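Each remark here refers to the structure printed beneath this line.
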Amino acid sequence: MLTSKGCVKAADIDGDGDMDLFVGGRVVPGKYPTAPRSYILINDGKGIFADATSTICAALQQAGMVTDAVFADLNNDKQPDLIVVGEWMPVKVFINQKGNLQMLHLSISILQVPAGGTASMQTIWMAMAIWILS
């Protein structure tokens, strides 16, 4: 993964008891605003991580210019769902369905993070997204 990263977040995505990772791609150096690849890395239980993005959630491969993310159980099913924010992209919500993340298509325009927003602004917008969805 020789690209710029915006964040790394851990959660047990596949429900096997160990922590897996979401790695959010931030920017392609020298090619702004090209969005780099993001990753879902699944832990084999021995601390070895394998790229499972294409099988867990292919949409995350080109999620956008990710600046932050959070895992939270949005639908109370005891599985970690993923919320991703970034520059020049809407808030994206991925619902965990037994280890596969499915993008929730939101039609609420207020969820658009203002371009060039600071990290604290994006955190506020993320909190608003969670509140709207709950």
Inset, instruction - Figure the gain on full extension for Val28 and Asp51 (residue separation times 0.36 nm, minus the Cα-Cα span) and round it to one decimal in nm. - result: 6.3 nm
Inset, instruction - Classify segment 49-111 as rounded, prolate or oblate, taking a ≥ b ≥ c as the square roots of the eigenvalues of its Cα gyration tensor: rounded when a/c is under 1.5, otherwise prolate if a/b is larger than b/c and oblate if not. - result: oblate
Inset, instruction - In nm, give the distance between the simple-model label positions of Met103 and Leu21, each being 7 Å from the Cα along the Cα-to-Cβ direction. - result: 2.4 nm
Inset, instruction - At most 13 other Cβ atoms within 10 Å and a DSSP loop assignment: could you name the trypsin sites (Lys or Arg not before Pro) in segment 1-100 that fit? - result: Lys31, Lys46, Lys78, Lys98
Inset, instruction - Assuming a ≥ b ≥ c are the square roots of the Cα gyration tensor eigenvalues, decide whether segment 20-74 counts as rounded (a/c under 1.5), prolate (otherwise, with a/b larger than b/c) or oblate. - result: prolate
Inset, instruction - Provide the net charge surrounding Thr3, with neighbours chosen by a C-beta distance below 14 Å and charges set as Lys +1, Arg +1, Asp -1, Glu -1. - result: +3
Legend entry - Cα-based reach from Lys5 at 21 Å (exclusive), listing lysines while leaving out same-chain residues under 8 positions away: Lys31, Lys92
Inset, instruction - Kindly report the accessible area of segment 1-106 per residue (heavy atoms of protein chains, probe 1.4 Å, no ligands, DNA or RNA), in Å². - result: 49 Å²
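The values are calculated or read from the model by the stated rules, or taken from the named source; none is laboratory data. From a predicted model like this one, the values you see are computed outputs, not experimental measurements. Heads up, the Cβs are rebuilt from the backbone with ideal geometry, glycines too, and the neighbour counts pull from every protein chain shown. Remember, those area values only see protein heavy atoms, side chains included, never the ligands or the DNA or RNA. Shrake-Rupley method; radii C 1.70, N 1.55, O 1.52, S 1.80 Å.
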